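Below is one structure, written out as structure tokens; the observations come after it.
Just so you know, all these numbers are worked out from the coordinates, no wet-lab data involved. These numbers were taken from a predicted model, which means no experiment stands behind them. For neighbour counting, all protein chains shown are included, and Cβ atoms are generated from backbone atoms with ideal geometry for every residue, glycine included.
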Ligand SMILES: [Ca+2]
Ligand SMILES: [Ca+2]
Ligand SMILES: [Ca+2]
Ligand SMILES: [Ca+2]
């Protein structure tokens, strides 16, 4: 590769394109693997798949965009001062496009449109669902805000296992989405929109709360000082 | 944030408030996720949830208070010289309040009061239950005493997996509490007190033994010398 | 050991012999353990065995040859500039010999020739199978291309868990081979060749795509610059 | 603690006593937790318990004795030049005493003498059992020989997951002992000696082969040079 092309790709604009495509690719793989595991997997296997596939993508693409794969993560990191506005917009577009493409590939492979959409257990009200999704996402993004700077060696595994933990607790209650893009892809392809707003409201509130809580209260005073 | 507020929060008093609230938040999440996983999870999923949620909270809040989430841990670290008296008292208050709040949120979400209380298998006498809880907690706190200083990169995962290991061995025998606060929250909300003293006596003896054993016998001579 | 023998073993030729034998040993253990776990294990246990045995071998032999254990990995790293042609040829020979020996030992131990061959679910066409295997291997080798340089501490576990993740998603769909050698060993010993080409075409395309994608687009600009 | 007592404990003789007691304690916990998990656990839970309890003890006591917990490990490290004769003898005595004590405590708690002894599946001949145990232990000790020096951060988890991997593959075939002490404790307490020699012959051959193979062939030339 000529240094000219590498130079273009490592310019500010090039980094933005690389970042958006990394988010698209990563979120597509997340939806393909995670929702794909629902076809034959038990709840524990689904939990591990959703968690570990995030570990995979953070390990392979974390250096490009931070590998958020989730608009709630991007929002939380924006409010925590760890990502810029322009990047955030590009990443979120990539996440939604990727989630739809991932769900589309799964639909083609499996020849079905029932693609593991997120939904509420009969015992869970939409309000309770929002509370659960808010708390799940709050914990996830509180982990992300601290671990990426304080323990980068473990960050991909810690983040992945946090997603797995959320599923182990709540997969049968709220579907443990924590992620509007993950919920949007299968909803669009399968045209299943029941309680869909739960998976936007809860994760975005949880992500925003986590970013602000980490920034202004549980900040890590041993690391860089923002604000 | 003005540096004035940050300055207040990083003063000795501010650190105490932050620490107490971190223990409250972390123990609340521990009880919510761990006990919540009992509703639909099999024993293996419950073991992983209780273990990994501790990894999550230690990763996100360990820098604030050490993230004990457990009075037996605080006692063990007090005897090992890793925490001061005033902090210990504040943390333990936070832990019990957090456990009750976590159990209360779970009760509200699930609309039930059966919240995964700890209890003994019919084949286990209370004395055997105390022995099991003592040994489980002894191992947990022996891990904590050494790993936080000798291997901070791995500490949250190692501690979380130690809790999971205790559950994998003993969840069907003693309920594998290792933690008076984790047992207290569901007991209070559900008003279930059978054999409850087992989960105070065993963990506190185990925690104290581990702290003293590490300090005076199995100390890590390559690290800081207390005593 | 005289320094003469050690000197021979650490010469360029000696390193080649050591590397080829490491690949043979490692791939043999991979097939023996992974395919052996199919005899009594459920899908989750099989997924963990195939993943974690790669962690074991990368931990014990990674310093010798990189511990590819997979011709698709060797191809991907060749195109990413992380392995030389001569080494690649020797490693791939070692991988195929090792896979056959591992399957042969398993056949002798179990006194059966049904050795966990890879095959397609009835709902999966050969074309869809190739797509799945291509994507699985693309993700695996994208992880390997980045993690070995950027996070060597975690590399064996991250790579192993990536293989486990691929199995958790796709073991019931395509058999989640990701590896022509792993598929070849049991196929030869059991003489089962149905859809066998899927496990050469998919992994080799996926490996090549990953190596080129990492080299020319998702390269890690904080690390060494190839090209 | 007066520096006099600490001084005695850190003398050569004191380190020997500390090491022997660490091996006794660690092997007792290994047998108690591992064999205890068999009472109610499925095969996957047993595999994780035996693996992760070794991670626990290596994390908490590795700095004292290396935390072998297994005569085959001590033999392998002796042949690899990583432990001295006198220490090896003391450690092995501690391991056998600990295994018997651990099995005895379990027998008392459970009020039974059926304590998860290791045994062969009906389809496995004693010779095949020895082959399996030899290979399992060879892999385990090849991991230990390399990881303790090359990647100490990950060593406890990597070693524990290697033990879990051996169980996932072979628990239904040979019982996946890899450890004469682990097999001896339950055999003595339960007086069950069928095929017991398999668990001495296999692990000791595997351990010796691994130590010699690592020392003279698959040595890590980037690390210290023994021989
Ligand atoms: Ca379709
Ligand atoms: Ca209620
Ligand atoms: Ca499992
Ligand atoms: Ca045969």
Exercise for the section: Take chain A, connect every pair of alpha-carbon atoms lying under 10 Å apart with a spring to form a Gaussian network, then pick out the residue of A:51, A:14, A:28 with the largest mean-square fluctuation. Expected result: A:14
Exercise for the section: Between copies, how far apart are the residue D:7 label points? List them in nm, one decimal, shortest first, with each point 7 Å from Cα toward Cβ, please? Expected result: 4.8, 4.8, 6.8
Problem - Tensor-based shape of segment B:98-201 (alpha-carbon gyration tensor, a/c under 1.5 rounded, otherwise prolate or oblate) - result: oblate
Practice task
Take the Cβ-Cβ distance between residue C:42 and residue C:88 as r, set R0 to 45 Å, and report the resulting FRET efficiency rounded to the nearest 0.05.
Solution key: 0.80
Exercise for the section: Point me to the residue of chain B whose C-beta lies closest to the B-onto-C rotation axis, rounding the distance to whole angstrom. Expected result: B:153, 4
Fill in the blank from the handout: Exposure proxy check on B:74, A:153: fewest-to-most Cβ neighbours within 10 Å is A:153, B:74
Problem - Distance cut-off 17 Å, percentage of C-alpha pairs in segment A:174-227 lying past it - result: 49 percent
Exercise for the section: Would you calculate a helix-derived [θ] at 222 nm for chain D, using -39,500 (n - 2.57) for each DSSP H run of n ≥ 4 and dividing by the full residue count, to the nearest 500? Expected result: -24000 deg cm²/dmol
Practice task
Compare D:127, D:138, D:169 in a GNM of chain D, Cα atoms joined below 10 Å, and give the one with the largest fluctuation.
Solution key: D:127
Practice task
Taking a label point 7 Å out from Cα toward Cβ, give me the nm distances from residue A:212 to the same spot in the other copies, shortest first, one decimal.
Solution key: 4.8, 4.8, 6.8
Practice task
Evaluate the distance, in nm, between pseudo-label points positioned 7 Å from the Cα of residue C:111 and of residue A:15 along their respective Cα→Cβ axes.
Solution key: 6.5 nm
Exercise for the section: Could you please state, rounded to a whole Å, how far the C-alpha centre of segment D:66-128 is from the C-alpha centre of segment B:113-134? Expected result: 29 Å
Fill in the blank from the handout: Expected sort for D:195, D:113, B:111 with the fewest Cβ neighbours (10 Å cutoff) up front is B:111, D:113, D:195
Fill in the blank from the handout: When B:150, D:11, D:65 are ranked with the fewest other C-beta atoms within 10 Å first, the list becomes D:11, B:150, D:65
Completion exercise
In a Gaussian network model of chain B with springs linking alpha carbons closer than 10 Å, the residue among B:162, B:59, B:49 that fluctuates most is B:59
Handout entry: Global geometry of segment A:50-152, whether rounded, prolate or oblate, following the gyration tensor of its Cα atoms and the 1.5 cut on a/c
Key = oblate
Practice task
List the distances, in nm to one decimal, from the label point of residue B:85 to the label points of the same position in every other copy, shortest first, placing each label point 7 Å from Cα along the Cα-to-Cβ direction.
Solution key: 5.4, 5.4, 7.6
Fill in the blank from the handout: Honestly the protein assembly as shown on the Cα gyration tensor test (a ≥ b ≥ c root eigenvalues; a/c under 1.5 rounded, otherwise a/b vs b/c for prolate or oblate) is just rounded
